[in-house]
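Participant: Shown below is the structure under consideration.
The values are calculated or read from the model by the stated rules, or taken from the named source; none is laboratory data. These numbers come from a predicted model, not from an experiment. Quick reminder, even Gly has a Cβ in these numbers, built from the backbone with ideal geometry, and neighbours come from all protein chains shown. SASA here: full protein model, heavy atoms, side chains in, ligands and nucleic acids out. Shrake-Rupley method; radii C 1.70, N 1.55, O 1.52, S 1.80 Å.
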Amino acid sequence: VQLQASGGGLVQAGGSLRLSCAASRRFASDRIIGWYRQAPGKQRALVATLMTDDGTTGYADTVKGRFTISKDNAKNTVYLQMDRLKPEDTAVYYCYVYSRENRAYWGQGTQVTVSS
């Protein structure tokens, strides 16, 4: 499966961005969809997940209450709405899916930069 992420950019602290990730197939083939991020000099870290069967969502403590993950099945697209952004949210954001065959697929990443 191919994943195409978009929507990153430069924003001031307190602002908002919405990331999109378009998949080349339906999410019915996947158990989990979500987003990771990797800041300079740090390991890739989980940001948000969405279970495709029941819609359960999960968030890292650092983004809880500010970020929202959602999906549009008709468009095979997962979104990450990011509000009240902070400079520490600066990172490359990657979408991923975890298939029912227990394989992980990653998008190419989109840069988010939050200025103070």
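Participant: Scan around G15 for amide H atoms under 5 Å from its own, H built in the peptide plane at 1.01 Å from N, and keep only partners 5 or more places away or cross-chain.
Facilitator: L85
Participant: In square angstrom, rounded to the nearest 10, how much accessible surface does V1 have for a 1.4 Å probe?
Facilitator: Surface accessible to solvent at V1 totals approximately 50 Å².
Participant: Can you give the charge dipole size of the chain about its Cα centre, rounded to the nearest 20 debye, using +1 on the beta carbon of Lys and Arg and -1 on the beta carbon of Asp and Glu? Before the final figure, lay out the partial values.
Facilitator: Numbers: 15 positive and 9 negative charges, 25 e Å.
Rounded to the nearest 20 debye, it is 120 debye.
Participant: Quick one: ranking S29, S99 by accessible area, 1.4 Å probe, largest first, what do you get? Walk me through the intermediate numbers first.
Facilitator: Values: S29 45, S99 0 Å².
Final ranking, largest accessible area leading: S29, S99.
Participant: Let me ask another. Once you keep just the Cα pairs under 8 angstrom separated by 6 or more residues, what percentage relative contact order results for the chain?
Facilitator: Working: 288 pairs, mean separation 42.5, N = 116.
Worked out over the chain, it gives 37 percent.
Participant: May I pose another question? Of F67, W106, G14, which is farthest towards the positive pole of the chain's charge dipole, taken about the Cα centre with +1 and -1 on the beta-carbons of Lys, Arg and Asp, Glu respectively?
Facilitator: Of the listed residues, the answer is W106.
Participant: Between the range 63-116 and the range 1-34, what is the separation of their alpha carbon centroids in Å?
Facilitator: 5
Participant: Quick check: from the Cα gyration tensor, does the range 1-55 come out rounded (a/c under 1.5), prolate or oblate? Before the final figure, lay out each step's value.
Facilitator: Values: a/c = 1.94, a/b = 1.69, b/c = 1.15.
Prolate shape, in that a/c is at least 1.5 and a/b is the bigger ratio.
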